[in-house]
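*Asks:* Attaching a single structure in structure tokens format; questions to follow.
Taken together, the values in this text are just the output of simple stated rules run on the coordinates, not laboratory data. Model, not experiment: these values are computed from the prediction. Cβ sites come from the backbone with ideal geometry, for glycine too, and all protein chains shown count toward neighbours.
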Amino acid sequence: MRGRIIILCAALTLALVASGCTLIDSGTNTPVPPAPTVEFLFPSDNTTVLEGTDLQIEILARDDGAGVARVELSVDDLPHQQGEPVERESIAVFTVAMNWIAQGVGLHTLTATAYRADGTASTPVTVRINVIAAPA
């Protein structure tokens, strides 16, 4: 009889301990804000220009959270220019104008990436530019 009471007490204790342990996090999950976004307003993908053209580039970046702190432009995977908001450190919608002198006949890539002040980057966006020889 005494053995049964000990087993019953042990089983009840184990049941109470187990009911207090859960693998579910009862804390609140903090949503992660989406990364900034970036797009080329000009030029469009597969644009053709003459070699030596001063190509005007317009980029739009957005971030509804902390805002956009800078936009970087790379040409053929090499850093080319960077733009930052003048109004304040970061803004929700940022349009920046940059340029590139089209050099080298052939296909080139322009890649834009937007960044928050904390370094969070957008997915890079790329457009292809076909540079053709200027007429002689």
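*Asks:* Assuming Asp64 fulfils every condition listed in (1) surrounded by fewer than 18 Cβ atoms within 10 Å (Cβ to Cβ); (2) more than 30 Å from Thr30 (Cβ to Cβ) apart from one, which condition is it?
*Replies:* Of the numbered conditions (1) surrounded by fewer than 18 Cβ atoms within 10 Å (Cβ to Cβ); (2) more than 30 Å from Thr30 (Cβ to Cβ), the odd one out for Asp64 is (2).
*Asks:* Taking segment 32-82 on its own, how many of its residues are part of a loop (DSSP other than H, G, I, E, B) and either under 25 Å from Ala133 (Cβ atoms) or touching a helix residue (DSSP H, G or I) at 6+ places or on another chain (Cβ under 9 Å) (or both)?
*Replies:* Total meeting the criteria: 9.
*Asks:* Filtering segment 107-128 down to residues that are touching a residue at least 12 places away in the same chain (Cβ under 8 Å) and outside any strand (DSSP E or B), which residue is nearest to Gln56 (Cα to Cα)?
*Replies:* Pro124
*Asks:* Counting only residues that are among the hydroxyl-bearing types (Ser, Thr, Tyr) and surrounded by 13 or more Cβ atoms within 10 Å (Cβ to Cβ), which one in segment 110-125 is farthest from Leu73 (Cα to Cα)?
*Replies:* Per the stated criteria, the residue is Thr120.
*Asks:* A follow-up question, please. Quick one: what pairs do we get from segment 90-102, first residue closer than 23 Å to Ala66 by Cα, second of a type in the set (Asp, Glu) and in a strand (DSSP E or B), C-beta under 6 Å, 6+ apart or different chains?
*Replies:* Sorted first by the residue in segment 90-102, then by its partner, the pairs are Ala97/Glu58.
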